[in-house]
Each structure stands twice: as C-alpha cells, then as structure tokens.
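Would you mind keeping the following structure in view while I ask a few things?
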Amino acid sequence: MRQSGTEAQVRAGAESDLEALTDIYNHYVRETALTFDTTPFTPRERLPWLHSHPEDGPHRLLVAQDVRHADAPDATGPRILGYATSSAFRPKAAYSTSVEVSVYCSPDATGRGIGALLYTALFDALAGEDLHRAYAGITQPNPASVRLHERFGFHRIGTYEEVGRKFDRYWDVAWYEKHLGPQP
C-alpha cells in the first residue's frame, strides 16, 4: 500500500528493520508515557518481539517506509517512518480471537497520515483472520491517538486509573475496542 502525499509504502516488517524499529520505540520509552517501558532496548533485546509477529496470521508487524530517497547514491535504503502491530491480547487460549493493536511513528513523521496508512493496511491484512475484537490501550492524555482509533471504529470501553507510574507520576490508560470480522 502506498500513500502518494508522503511517498510512504507499507510492507511486512523484517529483521533488517530491527534497528530502526528499536530507535522509534526507544524514543517513546525515553521521552513519553505512551509506553510503560522505562528502559530503552537494544535491537538484540527486541528480536523476540519481532519474531512474535510473522508475515501472516493474526499477529503482524507492518512498517511504513519513506521511498522518496531510496535510490539516492548515499542511501542505505528507505527510511522507516513508523510501524503497526497486532499482538496477542492475553496468553490464555480463549483470548486467541482478540488482538491488541498499536502504532508508533518516528517523531518527525507524526501528523502526516502515517498512523492511518499503517492501520488501514493492518486491518486489511487482518480481515481474513479468525479474529473477533481488537483492543488498544491509550495512556491519557493522548488526543491524537484517541482520534486515530475512533477514526478506525474503536470506542472507549473503560479506563484503568493511575495504572502505571512513569516520570514520577501516575498515568491512566483508556481502553478502546473495535469489532473485527463479520458483524453479528
């Protein structure tokens, strides 16, 4: 999938993306409460996470890459602008038809439609899977993420109040739900 305004292309994530994906995630670890991880990762530490998202099935990793400068003589390849995942919601078998989804964009790629491009591709890819619900936990406040999720049909189902402590304060997490698969 390609978006002409940003010259971004979405594809399945690969091990060769691991350093860029880790850099994006570590920005949010160090600078925000959007993730409750508190210590940055090395790419090697993130390898099991990457391997838990194969190219097919309900647990996916999609990346958006900037393809405008990929053919420049000094380019090492297209730059990763962001990524989206669908992951196991909980480890017990009865949860297998539910996924938790997330999207992270490079700090300089936010507000450019990359998150929407990634979610469009992710939900298209999940359409044929045996899935019933998608969930997203959004640290509050985060109006941009709330808008993105509501745009994709998520609705708020509740809030865990002061569930995480980071940067010497407690944070609420609002939970959003989206129906997947055929409508009942």
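Please treat every number below as a calculation from the coordinates, not as lab data. Bear in mind the structure is a predicted one, so any value in this text is a computation, not a measurement. Note that each Cβ is placed from the backbone with ideal geometry, even for glycine, and that neighbours are counted across all protein chains shown.
Give the range 43-67 a look and list any residue that's assigned to a helix (DSSP H, G or I) and of a type outside the set (A, V, I, L, M, F, W, C), or say none.
Result: Pro43, Arg44, Glu45, Arg46, Pro48, His51.
While we're looking at this one, here's another question. If only one of Gly158, Gly181, Gly111, Gly164 is in a strand (DSSP E or B), surrounded by fewer than 19 Cβ atoms within 10 Å (Cβ to Cβ) and in contact (Cβ under 8 Å) with a residue 24 or more places away in the chain, which one is it?
None of the others qualify; the one that does is Gly164.
Here's another thing I want to ask about it. Of the numbered conditions (1) free of Cβ contacts under 8 Å to residues at least 40 places away in the same chain; (2) under 29 Å from Leu131 (Cα atoms); (3) more than 14 Å from the chain's Cα centre (by Cα), Phe36 fails exactly one; give the number of that condition.
For Phe36, the failing item is (1).
Yes or no, residue by residue, for (1) hydrophobic (A, V, I, L, M, F, W, C); (2) touching a strand residue (DSSP E or B) at 6+ places or on another chain (Cβ under 6 Å):
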position: Asp124; (1), (2): no, no
position: Pro143; (1), (2): no, no
position: Arg147; (1), (2): no, no
position: Arg151; (1), (2): no, no
position: Thr159; (1), (2): no, yes
position: Tyr170; (1), (2): no, yes
position: Val173; (1), (2): yes, yes
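Here is a list: His132, His149. Which entry is more than 26 Å from Ala14 (Cβ to Cβ), surrounded by 13 or more Cβ atoms within 10 Å (Cβ to Cβ) and under 12 Å from the mean Cα position of the chain (by Cα)?
That would be His149, the only listed residue that is more than 26 Å from Ala14 (Cβ to Cβ), surrounded by 13 or more Cβ atoms within 10 Å (Cβ to Cβ) and under 12 Å from the mean Cα position of the chain (by Cα).
While we're here: If I ask for residues that are buried (at least 16 other Cβ atoms within 10 Å of the Cβ) and not aliphatic (A, V, I, L, M), which ones from the range 44-60 would you list?
Those that are buried (at least 16 other Cβ atoms within 10 Å of the Cβ) and not aliphatic (A, V, I, L, M): Arg46, Trp49, His53, Pro58, His59, Arg60.
Go through the range 91-108 and give me each residue that's in a loop (DSSP other than H, G, I, E, B) and over 17 Å from Thr22 (Cα atoms).
Answer for the range 91-108, where residues must be in a loop (DSSP other than H, G, I, E, B) and over 17 Å from Thr22 (Cα atoms): Pro91, Lys92, Ser96, Thr97.
Taking Leu122 as the residue in question, decide whether it is in contact (Cβ under 8 Å) with a residue 40 or more places away in the chain, closer than 18 Å to Ser87 by Cα and not in a loop (DSSP other than H, G, I, E, B).
yes
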